[in-house]
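Enquirer: My questions will all concern the structure given below.
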2 protein chains.
Amino acid sequence: MRAFKYGPFREWVLALRLALADGTVIKVGEPLRKNRAGYDLVSLVVGSEGTLGVVTEAWLRIRPLPKHEEVTLAIYPKDIFAVGEIVKVVRKSGLEPDLMEYMDAFVVRSVNKQIEPIYWEGEGGVVLVRGDNSTLSEVERLSSPFLARSEVVDGEVGRKMLNGRSLVAIAVKSEIGNIYAEDIVVPPSKLSEAILQIKRIEVENDTKIPVAGHVGDGNLHPMLREADLVSKPELFDEVGGVALRLGGSISGEHGIGIQKVNLLRSQLLNRNGEVVVKLMKEIKGLFDPKDTLNQGKFVDPL
Amino acid sequence: MRAFKYGPFREWVLALRLALADGTVIKVGEPLRKNRAGYDLVSLVVGSEGTLGVVTEAWLRIRPLPKHEEVTLAIYPKDIFAVGEIVKVVRKSGLEPDLMEYMDAFVVRSVNKQIEPIYWEGEGGVVLVRGDNSTLSEVERLSSPFLARSEVVDGEVGRKMLNGRSLVAIAVKSEIGNIYAEDIVVPPSKLSEAILQIKRIEVENDTKIPVAGHVGDGNLHPMLREADLVSKPELFDEVGGVALRLGGSISGEHGIGIQKVNLLRSQLLNRNGEVVVKLMKEIKGLFDPKDTLNQGKFVDPL
């Protein structure tokens with residue numbers, strides 16, 4: 001969740017030891033933050049989903065724990081439109097809270113029922129913001145035109161609220177059965193539009209598609225019912241298509257695997273073109289010429 | 001200089017438009033901070049010195065200006081040994097000043113003479129630290145066992161001190177003629193050892209090798225006299241060899257070009273091995289099969 005402030009994991013990886021498909025063990029990168037020695041093979045391997053080699057050792061950058069005491073601001077947007085407006089004003093303000101997490105109204109009710117009754121229940125769900133006191137009061141002030149309600153909490157209550165956010169998948173499963181979490185990214189300015197489009201798909205399919213996500217980065221996790229995907233598998237790509245139409249990405253964190261290969265193909269062909277797909281396939285071929293590693297996953301089937 | 005706090009440039013590049021050797025124009029990456037769509041070709045291109053394609057457009061991440069007023073702490077280490085100790089205690093403290101810059105005694109005298117008399121002159125040179133007031137007083141306190149002197153300055157004086165640091169190459173050239181700035185990185189725990197080894201090379205060659213650098217990241221810029229390199233070209237690789245012996249890197253910022261190809265070869269073969277060199281060459285071959293772009297530079301001649 002703190003990638004909002006500190007960036008995605010890839011920025012924290014300095015060097016890797018890697019077993020290639022033929023058993024050769026290589027080391028890429030150096031345990032130094034600044035290093036200009038050759039092409040950046042570390043970033044190529046991070047996020048490659050085991051298709052280039054098997055990582056056996058990693059050198060990571062660390063940083064000191066934040067010095068401020070972290071408190072929690074729970075803001076309850078008036079409606080879905082307000083969610084995007086809140087993210088916009090916070091991003092424009094230059095404030096840097098540690099995280100900005102969203103749960104829609106259905107997710108809030110599920111967590112209240114299945115985990116612990118801790119959030120107020122309104123139409124717009126909840127946005128949790130953590131940071132120091134002065135950042136949070138400024139976030140609260142800037143968000144106020146878009147809020148149904150807000151509260152600053154600390155200590156135990158804040159931890160419970162964040163814990164509720166962490167257990168979203170469990171709470172939602174208890175309500176609607178097994179789910180597949182999507183993982184789309186949209187430009188933060190298109191957040192409300194994305195949530196509204198997902199809600200339209202929900203209504204059209206007469207089902208539930210609860211949404212939670214790391215809204216500060218425009219990263220949403222719509223949750224699709226397994227039962228719906230059995231009867232209508234194309235629903236998965238339809239939700240992924242929201243990201244593609246709004247200029248986003250079909251994955252922010254979870255990756256591609258097998259399930260998102262079609263979406264990956266759409267994104268790369270439409271935005272980056274055939275040459276880029278070809279280069280990615282050829283890179284895979286350099287590292288793993290006999291196509292041994294994680295066949296049929298990530299860029300392999302493109 | 002602020003890479004110490006904010007990280008190297010590569011972390012700020014989200015997407016690139018790139019003209020390949022055959023004229024095809026491709027786009028790699030997306031203007032999104034989170035994006036897991038395919039291999040990270042953006043990081044592969046950043047720092048590739050024009051050997052993979054010609055960058056024609058770039059999408060960069062931005063961040064708000066820091067909210068704190070920046071003041072300057074000028075600390076004067078007792079000697080070269082103290083320079084490394086200061087960096088160690090600051091890094092261990094978890095403090096995050098905006099920058100930590102070093103100039104050795106010769107560089108300090110050159111700037112005082114050629115630009116403006118602004119620094120105190122002692123055996124250990126000067127370390128400039130910028131940040132907010134509370135960070136700087138803590139840095140000053142922790143450094144005190146290793147200091148000959150220190151002063152906190154703000155406003156105009158601080159800007160002049162930083163300006164002096166920026167004009168180091170001009171000041172040194174006026175003193176000893178044309179120079180080539182090296183760009184080595186060592187683990188921050190090996191900083192004093194690195195500077196002492198460079199000073200040993202200086203004495204052995206009966207010349208001047210002034211040193212400045214971004215010490216917070218272990219990144220040093222020893223300045224080699226053109227006149228010395230004419231009569232003894234191997235001096236360049238000898239200084240680069242200091243980084244290799246101490247577990248560092250032969251370039252932190254400036255890159256490889258033609259001049260550092262031998263050092264790059266040493267580093268990659270000794271640390272990463274032949275397979276890694278082969279993979280880098282093959283990646284170059286994928287992007288530029290006829291070897292058109294920046295022939296003889298970076299990994300091309302390996």
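The values are calculated or read from the model by the stated rules, or taken from the named source; none is laboratory data. In this text, all values refer to a predicted model and were calculated from it rather than measured experimentally. So basically every Cβ, Gly included, is an ideal-geometry build from the backbone, and we count neighbours across all protein chains shown. What goes into the accessible areas is simple: the full protein's heavy atoms, side chains included, and nothing from ligands, DNA or RNA. Shrake-Rupley method; radii C 1.70, N 1.55, O 1.52, S 1.80 Å.
Enquirer: Those residues that are β-branched (Val, Ile, Thr) and either under 11 Å from B:VAL107 (Cα atoms) or in the same structural domain as B:VAL127 (by TED's automatic domain parsing) (or both), I need them from segment B:177-214; list them, please.
Expert: Hits for segment B:177-214 are B:ILE209, B:VAL211.
Enquirer: Still on this structure: Considering only residues that are among the small types (Gly, Ala, Ser) and either buried (at least 22 other Cβ atoms within 10 Å of the Cβ) or assigned to a helix (DSSP H, G or I) (or both), which ones fall in segment A:113-134?
Expert: A:GLY124, A:GLY125, A:GLY131, A:SER134
Enquirer: What do you reckon, is A:TYR102 part of a loop (DSSP other than H, G, I, E, B), on the phi < 0 side of the Ramachandran plot and among the hydroxyl-bearing types (Ser, Thr, Tyr)?
Expert: No.
Enquirer: Something else about it: Hey, among the residues in segment B:30-62 that are among the basic types (Lys, Arg) and in contact with a Lys or Arg (Cβ under 7 Å, 6 or more places away or on another chain), which one's farthest from the other protein chains (Cβ to nearest Cβ)?
Expert: Among them, the one singled out is B:ARG61.
Residue-wise test of (1) farther than 17 Å from A:ILE80 by Cα; (2) more than 10 Å from every other protein chain (Cβ to nearest Cβ); (3) at pLDDT below 95.
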| position | (1), (2), (3) |
| --- | --- |
| A:PRO187 | no, no, no |
| A:ASP206 | yes, yes, no |
| A:HIS221 | no, yes, no |
| A:ALA227 | yes, yes, no |
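Enquirer: When you check B:GLY285 against the structure, is it more than 7 Å from chain A (Cβ to nearest Cβ), of a type in the set (Gly, Ala, Ser) and not in a helix (DSSP H, G or I), yes or no?
Expert: no
Enquirer: Among what's in segment A:64-98 and is in contact with a Ser or Thr (Cβ under 9 Å, 6 or more places away or on another chain) and of a type in the set (Gly, Ala, Ser), pick the residue that is nearest to the other protein chains (Cβ to nearest Cβ).
Expert: A:GLY84
Enquirer: For segment A:170-282, give me every one of the helices (runs of 4 or more DSSP H) that falls completely inside it and has 1 or more residues that are in contact with an Asp or Glu (Cβ under 7 Å, 6 or more places away or on another chain) and over 28 Å from A:LYS88 (Cα atoms).
Expert: A:234-245, A:261-267
Enquirer: Where the second residue is of a type in the set (Asp, Glu) and the first is more than 14 Å from B:GLY213 (Cβ to Cβ) and lies in segment B:187-202, which pairs have Cβ atoms under 9 Å and are six or more apart or on separate chains?
Expert: Short answer, once both residue conditions are applied: B:ILE201/B:GLU238.
Enquirer: Touching a residue at least 60 places away in the same chain (Cβ under 8 Å), more than 8 Å from chain A (Cβ to nearest Cβ) and surrounded by fewer than 18 Cβ atoms within 10 Å (Cβ to Cβ): does that describe B:GLY213?
Expert: no
Enquirer: Mind counting the residues in segment B:174-189 that are within 17 Å of B:PHE236 (Cα to Cα) and open to solvent by 10 Å² or more (accessible area, probe 1.4 Å)?
Expert: 6
Enquirer: Please name all residue pairs, on different chains or six or more residues apart, with Cβ atoms under 7 Å, provided the first residue is in segment A:1-14 and is more than 10 Å from chain B (Cβ to nearest Cβ) and the second residue is open to solvent by less than 30 Å² (accessible area, probe 1.4 Å) and small (Gly, Ala, Ser).
Expert: A:LEU14/A:GLY29
Enquirer: Checking A:LEU44 against (1) assigned by TED's automatic domain parsing to the domain that holds A:THR135; (2) over 18 Å from the mean Cα position of the chain (by Cα); (3) in contact (Cβ under 8 Å) with a residue 12 or more places away in the chain, which single condition isn't satisfied?
Expert: So A:LEU44 meets the others, but not (1).
Enquirer: For residues that are part of a strand (DSSP E or B) and open to solvent by 50 Å² or more (accessible area, probe 1.4 Å), tally how many sit in segment A:53-79.
Expert: Qualifying residue count for the region: 7.
Enquirer: Read through the list (1) open to solvent by 20 Å² or more (accessible area, probe 1.4 Å); (2) over 19 Å from A:GLU253 (Cα atoms), then give the number of the only condition that A:SER192 fails.
Expert: With respect to (1) open to solvent by 20 Å² or more (accessible area, probe 1.4 Å); (2) over 19 Å from A:GLU253 (Cα atoms), A:SER192 is out only on (1).
Enquirer: OK, next. Mind listing whichever residues of segment B:30-52 are touching a helix residue (DSSP H, G or I) at 6+ places or on another chain (Cβ under 8 Å) and open to solvent by 20 Å² or more (accessible area, probe 1.4 Å)?
Expert: Answer for segment B:30-52, where residues must be touching a helix residue (DSSP H, G or I) at 6+ places or on another chain (Cβ under 8 Å) and open to solvent by 20 Å² or more (accessible area, probe 1.4 Å): B:ARG33, B:ASP40, B:VAL46, B:GLY47.
Enquirer: Quick check on A:SER110: is it buried (at least 16 other Cβ atoms within 10 Å of the Cβ) and among the hydroxyl-bearing types (Ser, Thr, Tyr)?
Expert: Here the answer is yes, as A:SER110 does meet what is asked.
Enquirer: So, one more: Go through segment A:274-300 and give me each residue that's within 15 Å of B:ILE26 (Cα to Cα) and without any contact (Cβ under 8 Å) to a residue 24 or more places away in the chain.
Expert: A:GLU274, A:VAL275, A:VAL276, A:LYS278, A:LEU279, A:MET280
Enquirer: Here is a follow-up. Take the residues in segment B:12-29 that are among the β-branched types (Val, Ile, Thr) and surrounded by fewer than 17 Cβ atoms within 10 Å (Cβ to Cβ); name whichever of them is farthest from A:ILE250 (Cα to Cα).
Expert: Filtering first and then ranking leaves B:THR24.
Enquirer: Next question. Checking B:GLU156 against (1) over 18 Å from B:GLU123 (Cα atoms); (2) free of Cβ contacts under 8 Å to residues at least 40 places away in the same chain; (3) in a helix (DSSP H, G or I); (4) not assigned by TED's automatic domain parsing to the domain that holds B:GLU96, which test does it fail?
Expert: Going through (1) over 18 Å from B:GLU123 (Cα atoms); (2) free of Cβ contacts under 8 Å to residues at least 40 places away in the same chain; (3) in a helix (DSSP H, G or I); (4) not assigned by TED's automatic domain parsing to the domain that holds B:GLU96 one by one, B:GLU156 breaks only (4).
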